[in-house]
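Structure record follows, encoded as structure tokens.
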Amino acid sequence: MLSISGLSKTYEARGGGKTLALTELDLMVRRSEFISVVGPSGCGKSTLLKILAGILPRSTGEIELAGELLTGPSRHIGLVFQAPLLLPWLTVKENILVPAKIQRLDLVAAAKRADELIEMVGLGAFARSYPKELSGGMQQRVGICRALIHDPDFLLMDEPFGALDAMTRETMNAELQRIWSLSGKTVMLITHSIPEAVYLADRVIVMTPRPGRIVDDIAIDLPRPRDLAMHSNPQFGEYVMRIRRHFNSEGSLDA
Amino acid sequence: MLSISGLSKTYEARGGGKTLALTELDLMVRRSEFISVVGPSGCGKSTLLKILAGILPRSTGEIELAGELLTGPSRHIGLVFQAPLLLPWLTVKENILVPAKIQRLDLVAAAKRADELIEMVGLGAFARSYPKELSGGMQQRVGICRALIHDPDFLLMDEPFGALDAMTRETMNAELQRIWSLSGKTVMLITHSIPEAVYLADRVIVMTPRPGRIVDDIAIDLPRPRDLAMHSNPQFGEYVMRIRRHFNSEGSLDA
Amino acid sequence: MTRPSTKHLAAAAQQIALLAVVLGVWEASVRIFDVPAIVLPSPISIFEQLVKLLGSALFYRHIWVTLSEILGGFVLGSAAGILLGTAIGLSRVLARLLFPYVIAFETMPKVAIAPIIVIWAGYGTGSKVIIAALIVFFPLLANTVMGLRSAPREEIEMLRAFTATRWQIFRMAQLKHALPHIFTGLDIAIVLSVIGAIVGEFVGAKAGLGYLILQNNFNFNIAGSFAVLFVLSGIGIVLHWIVSAVHERVVFWVDSAPALSRN
Amino acid sequence: MTRPSTKHLAAAAQQIALLAVVLGVWEASVRIFDVPAIVLPSPISIFEQLVKLLGSALFYRHIWVTLSEILGGFVLGSAAGILLGTAIGLSRVLARLLFPYVIAFETMPKVAIAPIIVIWAGYGTGSKVIIAALIVFFPLLANTVMGLRSAPREEIEMLRAFTATRWQIFRMAQLKHALPHIFTGLDIAIVLSVIGAIVGEFVGAKAGLGYLILQNNFNFNIAGSFAVLFVLSGIGIVLHWIVSAVHERVVFWVDSAPALSRN
Amino acid sequence: DDPVRLVVGTSTLNVAYPIVTLPQSLGYWSDEGIDVEVLTSGGTLQAVQLLVGGGADFVEGNVSAFLQGISQNQLPLRVLAAHGNTDWRFVVPKGSDITDAKSLAGKRLGMVSLSSGGMPLLKSYLTGQGVDPESVEVVPVGFGAAPVEAFRRGEVDALLYWGSAVAGFANAGLTFDSFAPKEWQAYPDYSLATTNAFAAERPEVAVKLARGMMKASLFARTNPDCAVELFWRDHPDAKSQGPDEATSKAWDLNLLAAQTETYTSAIGLYDEEHAGGVTSENWEKMQDYLQANGLIADKIPEPDFLVQIPDFISQINDFDKAAVIAQAKECKL
Ligand SMILES: Nc1ncnc2c1ncn2[C@@H]1O[C@H](COP(=O)(O)OP(=O)(O)OP(=O)(O)O)[C@@H](O)[C@H]1O
Ligand SMILES: Nc1ncnc2c1ncn2[C@@H]1O[C@H](COP(=O)(O)OP(=O)(O)OP(=O)(O)O)[C@@H](O)[C@H]1O
Ligand SMILES: [Mg+2]
Ligand SMILES: [Mg+2]
């Protein structure tokens, strides 16, 4: 489904300074695989996602997506950005329909789907509200619906549950797992919750601090479907511990 | 230090619809107390914070802060907003110095303090970068420094660690605990991590879904200073469980 | 409905009070400094002339002529400015190529090329509409260009990530962000289209308020000229109100600086 | 340094090519349709006149006179527009009270009140500067008002929460957000200050490029008038470049629409 | 002493204003011991506004406007001397059958604007000849190239303009016939005026200023060629831009000739010894005409509009004419 080789990205800052954000990144993702990406803040996770989304030029490397060289945005990708990025002049529902409008999908069907998604994320009462009238977490949920409206094959999510309370987050995790298992989508989830990464994924990719490289690639061999009890599974705890160790050894301060 | 009684807030939306965000809220916070606020997404946490910050008019109720009726923003408050809200034309350091400039503090001393804070949050290499050149988590850390620059008595933080990876978050938690124990600040921390709420606070306030009310007020009777081992303390687990139960019973979907 | 209307009443009262003060000061200074009436007529004499004008049926024909020139120039110039502004705003290459030409053309005083315009467009309202449109054009162009560029990069990237075409990005984001700028341009356009129509009439006209001004000047009736100027101002204010009302309705999502609330 | 300079060279080449095409088409149509020289002179005859003008030492005095009027009007009008725009932009009450007056005053054709201005400001460059300033004033006012209002509510609330005063909020956020709007206003101001200075000179002047245009028109030397108009355009373009350069340097943080990159 | 300010009711001075440019070139005013600043302003109305508003001491412009101002607005204004008479004329295609009022009926006439002095002139001429003024369609065609093009393309059948404008049309290559009603010559036109106060307080300055202008008039009439050369010397950018020097000269001579013709003809409003003066009879005709056309409500008694400086006209003609003529003939540049 996705194959990245030799990817690197250097940002040129105003003063002329350069930031090497990603370096020597190789990664293969199989169709219908669910991978999580974890790594310290500023290690290049969002950078990677924007490159895959075709909106940020890479410095070196090749990317193949669904058998084709990546040269720009693709209809097969659904994206959740780190910031909600909603359009202020559109209501919740209209914002969710934006990808459907762009891709000229059947709007009647899309509107129905949008209503379902809105219900799913618990915003039924706010379909006709404007983004300004929503809380931070509510906006983020709208962003999640928007990424799903056109039923993409490949879901790229940048900390989609960051602004959600523990319970809403668990609900959303369950929903995501359900959608994934039913639809066979390929998912790449960037998250800063290590348990969440392990809980949802087939593989967890661990990145080093800037410049971001892949330092570990851990197949999560836990039975599916997973429920909350999984958190007390000793194997689960081991995966979490393994990942945590990377963070500590990579120079993040020990607590 | 802070006493809230009968507070309510109704938003008037464009179409004319009204949203009751907070209702019948009473709360007392003692000087040097550390309280955490948890509650489902959209329950009015940010609304409460903005009212306390003096930038959002309340609908009913009285608020007394440090013995005075609250009528507007106060110099004694340090704020971390849910979104970073950095000024794009200022560098990281300049952004952090904004409250010092506003309050006409000694800029030499403030600059020194800013450098220390920048080091503390691990952004030493980025003091002269502009916000656009930072990752989401890095921007959030700048926002935290900004709230501390003028050494406020009362620290109001709205999900300050939401965009941080687990490790950075733990570091920040430790730093916050250290600052609090040394300075005797009063802290109100809004968070969606229940363990974080318990780990840091003297008291955890639990809010109901919209319209937000206080449904539980739990004194956390755990020894200080707390370290990571605290997470395995059975009492700690009990507090966490007690809080989780609120969420489930209040209609959030069970996972 | 009651709340806004009392608010509007208060505003209207303030307006009227200010108007009274301005006119009072004017009348007083004309008297005290003994300003000759042909240099600056007194408000009272202007008012008399105004009443006289408003009582004559012919006057409304002049208003109509000038109003149609103003509106014609406003619409034509604004439309052209927005269109070319869009082209320039969306393409850096076009911007680099065309902007200097636009500046070059626009800095040519329309008064100086008015005779040529009259030769091409005739002696009727056509040439006045064109002169007004030419003056109106540039503010709309400049504001449209800047407005289109004001769309935040992240928003555009979001749309691009969902495979939006250039045109979709324009329609879905850039145009929306340009709207407040365009409305500023329209406010400027009102002022300039009034001036443009009158300048056009000064070059040569058989009817219209500019013609009336010339006529009054010829008759040494300066108070009459000022009365006509006031009518022009009135037209300008009404157009401004209309544009403001449309602006508020269309650009509903811009949350401008909050009143400094006291809780 | 090398990369931008080749890019600039390419841009300059495009410019020159376009200029050649425009002038070629113009020259050809004048010849083919046999347009009389007094209606639209050919580029070649204009060029001859231009060479003649540029060869005369006296011409530079006229340029200097008009340039100082343009710059004076530009600076004075812009400063006044930005200042009053700031007052109106920061206070809804002032906005409601004053905006109609500003519109009323600005819609009055400056030509009609020129004698009053001359009495106040004298015959020399003073009155031309004032006429130009009066025309320039409004676009800057309107753009400043809108610009100040474009500061996002959240940013202002953030500053207020840290106890910023109204003035600090203005300086630290609103002014910054207004800057791109103000620069748009300055671009418009360039065009209008050139027009204003010339209109002022048309009312009566002893020197300046507007005076030269009148003189040439009177002598039916339309090619000469166009040569002067081209010099005015040149002044406009140079001023535009200067404003653009300052704009880019000052407003460095605005990240405008990205080029549609292909990786 | 500050210079006295003379405003001319035109936006530019060209070769056709020798009475205000030559006194500077030849030093007539400085010889009289006065320092004069010559200024321009839009038209006569603007010049009068400046005068009464304190922005000028003298104004040179259309005398009908002065009379209107005195009659309609009670302006404290006094006429000093008349330099020209009405020289408006009809311009018609060569060999055209338009030769008089009757033949103008049903035709289109181009004029600078509908609010110019041409309008009442036309009306009184047509009505005087028993032609309905409504039967002539007047089109405002402005200055410069526009009237020439309108005429050339046949968009108007005739033009009605003043003398130097018509000379300009000829310079622009237009060929035409022209005619003017005889009675117009009885109307004084370009004149010098000042405020009551100035005339009362500094009559000697008024005399000196006007005398310098009379000398200049004589000089220009005597040797137009020299007047053009002097003008070119002192106002190089205002010279006509012909394809060659000879053509430029010819054009400017045409313009100046149109002007000197009205100077000469204005002397006929009185006599040679009273150049600049106007007989009461001619003032009457003028006022009759203005009143008939509604430009003034009531006729004004002479003392209320003519300057009351004793022997003013004689004083301004009191100079050595022979010397000026000799100077003109000698033409020292
Ligand atoms: N536009 C930019 N210009 C310059 N540097 C940038 C830019 N965007 C990101 N960077 C730098 O690239 C690095 C990676 O940023 P990125 O946003 O990919 O991090 P991240 O892994 O998503 O972090 P976080 O978890 O905090 O969101 C950071 O060091 C950042 O400073
Ligand atoms: N400006 C506004 N206009 C109208 N309604 C608003 C506005 N701001 C917030 N609300 C509503 O008020 C309620 C509380 O919002 P608030 O931002 O306080 O929630 P929160 O507890 O901070 O949520 P989160 O955890 O998602 O940030 C929400 O239902 C929201 O829809
Ligand atoms: Mg990120
Ligand atoms: Mg919130």
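The values are calculated or read from the model by the stated rules, or taken from the named source; none is laboratory data. Please read all numbers here as calculations on a predicted model, not as lab measurements. No Cβ is skipped: glycine too gets one built from the backbone with ideal geometry, and neighbour counts run over all protein chains shown. Ligands, DNA and RNA are excluded from the accessible area calculation, which covers all protein heavy atoms including side chains. Shrake-Rupley method; radii C 1.70, N 1.55, O 1.52, S 1.80 Å.
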Karplus ³J(HN,Hα) for region B:136-143 (6.51 cos²θ - 1.76 cosθ + 1.60, θ = phi - 60°; Hz, whole; x = Gly/Pro) runs x, x, 5, 4, 5, 5, 4, x
Candidates A:Gly124, A:Gly162, A:Gly17; GNM for chain A (alpha-carbon contacts under 10 Å) flags as most fluctuating A:Gly17
Expected field for C:Glu157, accessible surface area in Å² at 1.4 Å probe radius, rounded to 10, holds 20
Treating only Lys and Arg (+1) and Asp and Glu (-1) as charged, each at its beta carbon, one finds that region A:85-151 has a dipole about its Cα centre, in Debye to the nearest 20, of 160
Correct semi-axes for region B:138-232, from √(5λ) of the alpha-carbon gyration tensor and rounded to whole Å with the largest first, are 20, 17, 15
When the charge dipole of chain A is computed with +1 on Lys and Arg Cβ and -1 on Asp and Glu Cβ about the Cα centre, the Cα farthest towards its positive end, among A:Gly137, A:Thr71, A:Ala163, belongs to A:Thr71
Pseudo-spin-label distance C:Leu23 to E:Asp298, built 7 Å along Cα→Cβ, given in nm, is 3.1
About its Cα centre, chain A carries a charge dipole, from +1 on Lys and Arg Cβ atoms and -1 on Asp and Glu Cβ atoms, whose size in debye to the nearest 20 is 560
Filtered hits (lysines, Cα-Cα < 30 Å from C:Lys206, offset >= 8 within chain) -> C:Lys52, C:Lys110, C:Lys128, D:Lys110, D:Lys128, E:Lys94, E:Lys102, E:Lys107, E:Lys123, E:Lys182, E:Lys285, E:Lys299
Expected field for E:Ser71, accessible surface area in Å² at 1.4 Å probe radius, rounded to 10, holds 30
Expected max-MSF residue from E:Pro133, E:Pro23, E:Pro236 in the GNM of chain E (alpha carbon, under 10 Å) is E:Pro236
Counting sequence-distant residues (5 or more places) and residues on other chains, those with an amide H built under 5 Å from that of E:Gly53 are none
Of all DSSP beta bridges with both partners in chain E, the antiparallel percent, nearest 5, is 50
Computed over the Cα atoms of chain C, the Rg and Dmax in Å are 22.4, 72
If unit charges are put on Cβ atoms (+1 for Lys and Arg, -1 for Asp and Glu) and the dipole of chain B is taken about its Cα centre, the option from B:Leu90, B:Ile214, B:Val121 lying farthest towards the positive end turns out to be B:Leu90
Counting only residues 5 or more apart in sequence or on a different chain, those whose built amide H sits under 5 Å from that of B:Phe34 are B:Val187, B:Asp202, B:Arg203
With label points set 7 Å from each Cα along the Cα-to-Cβ direction at C:Trp253 and A:Ala109, the distance between them in nm comes to 2.7
Per residue of B:135-143, other chain Cβ atoms within 10 Å number on average 5
Note to self: with every protein chain in place and a 1.4 Å probe, region D:127-263 gives an accessible area per residue in Å² of 29
GNM on chain B, Cα springs under 10 Å; top mean-square fluctuation among B:Glu116, B:Glu238, B:Glu33 goes to B:Glu238
To the nearest 20 debye, region B:134-255 has a Cα-centred charge dipole, built from +1 on Lys and Arg Cβ and -1 on Asp and Glu Cβ, of 80
With the dipole of the protein assembly as shown defined by +1 on each Lys or Arg Cβ and -1 on each Asp or Glu Cβ, the option from B:Ala229, A:Gln103, D:Val251 whose Cα lies farthest towards the positive pole is B:Ala229
Taking every DSSP bridge whose two residues both lie in the protein assembly as shown, the antiparallel percent to the nearest 5 is 50
at C:Ser29 the sorted inter-copy label distances (label 7 Å from Cα on Cβ side), in nanometres, are 4.8
Over region B:57-203, with neighbouring protein chains present, the accessible area per residue in Å² at probe 1.4 Å is 34
At 25 °C and 0.890 mPa s, the Stokes-Einstein diffusion coefficient in µm²/s for chain A, with hydrodynamic radius from the Kirkwood sum on alpha carbon pairs, is 129
Note: E:34-42 gets an average of partner chain Cβ contacts (10 Å, Cβ to Cβ) equal to 4
CD proxy, 222 nm, chain B: helix-only mean residue ellipticity via -39,500 (n - 2.57) per DSSP H run with n ≥ 4, per residue, nearest 500, stands at -10000 deg cm²/dmol
The whole-number value in µm²/s of the Stokes-Einstein translational diffusion coefficient for region E:274-331, with Rh from the Kirkwood sum over alpha carbon pairs at 25 °C and 0.890 mPa s, is 175
Any residue on another chain or 5+ positions along whose placed amide H is under 5 Å from the amide H of E:Gly110 is listed here as E:Val139, E:Asp157, E:Ala158, E:Leu159, E:Leu160
If labels are modelled 7 Å from Cα along the Cβ direction, A:Arg245 lies from its partners in the other copies at nm distances, smallest first, of 3.8
Here the averaged projected area of region B:5-65, based on the convex hull of its alpha-carbon atoms and given in nm², is 4.7
Accessible-area loss of at least 20 Å² (1.4 Å probe, chain alone to full protein assembly) applies in region A:1-27 to A:Ala13, A:Arg14
The E/D contact buries a total accessible area, at probe radius 1.4 Å and rounded to the nearest 100 Å², of 2400
Once all protein chains are kept in place, D:His177 shows an accessible area at probe 1.4 Å, nearest 10 Å², of 40
Computed over the Cα atoms of the protein assembly as shown, the Rg and Dmax in Å are 39.9, 129
Once the in-chain neighbours fewer than 8 apart are removed, the lysines whose Cα is under 30 Å from B:Lys45 read A:Lys45, A:Lys93, A:Lys132, B:Lys9, B:Lys18, B:Lys93, B:Lys101, B:Lys132, B:Lys185
Percent relative contact order for region D:38-261, counting Cα pairs under 8 Å at least six residues apart, stands at 29
Sorted list, accessible surface of protein heavy atoms, 1.4 Å probe, largest first, for A:Ile55, D:Ile82 is D:Ile82, A:Ile55
Under the helix-only model (-39500 (n - 2.57) for each DSSP H run of 4 or more, divided by the residues of chain E), the mean residue ellipticity at 222 nm, to 500 deg cm²/dmol, is -13500 deg cm²/dmol
In order over region B:108-122: 3J(HN,Hα) from phi, Karplus 6.51/-1.76/1.60, θ = phi - 60°, whole Hz, x for each Gly or Pro, gives 5, 4, 4, 5, 5, 4, 4, 4, 4, 4, 4, 4, 4, 8, x
Of every hundred units of 1.4 Å-probe accessible area on chain C, the number belonging to carbon and sulfur atoms, as a percent, is 72
Note, region D:64-71: 3J(HN,Hα) by Karplus (6.51, -1.76, 1.60, θ = phi - 60°), whole Hz, Gly/Pro = x, goes 4, 4, 5, 4, 6, 5, 4, 5
Beyond 26 Å, the calculated P(r) of region C:1-124 holds a percent of Cα-Cα pairs equal to 61
Over chain C, the sum of -39500 (n - 2.57) across DSSP H runs of at least four, divided by residue number and rounded to 500 deg cm²/dmol, gives at 222 nm -27500 deg cm²/dmol
Mean other chain Cβ within 10 Å across C:185-196 is 6
Share (percent) of C-alpha pair distances in region A:85-151 greater than 15 Å works out to 40
With every protein chain kept in place and a 1.4 Å probe, the residues E:Leu333, A:Leu105 fall, from largest accessible area down, as E:Leu333, A:Leu105
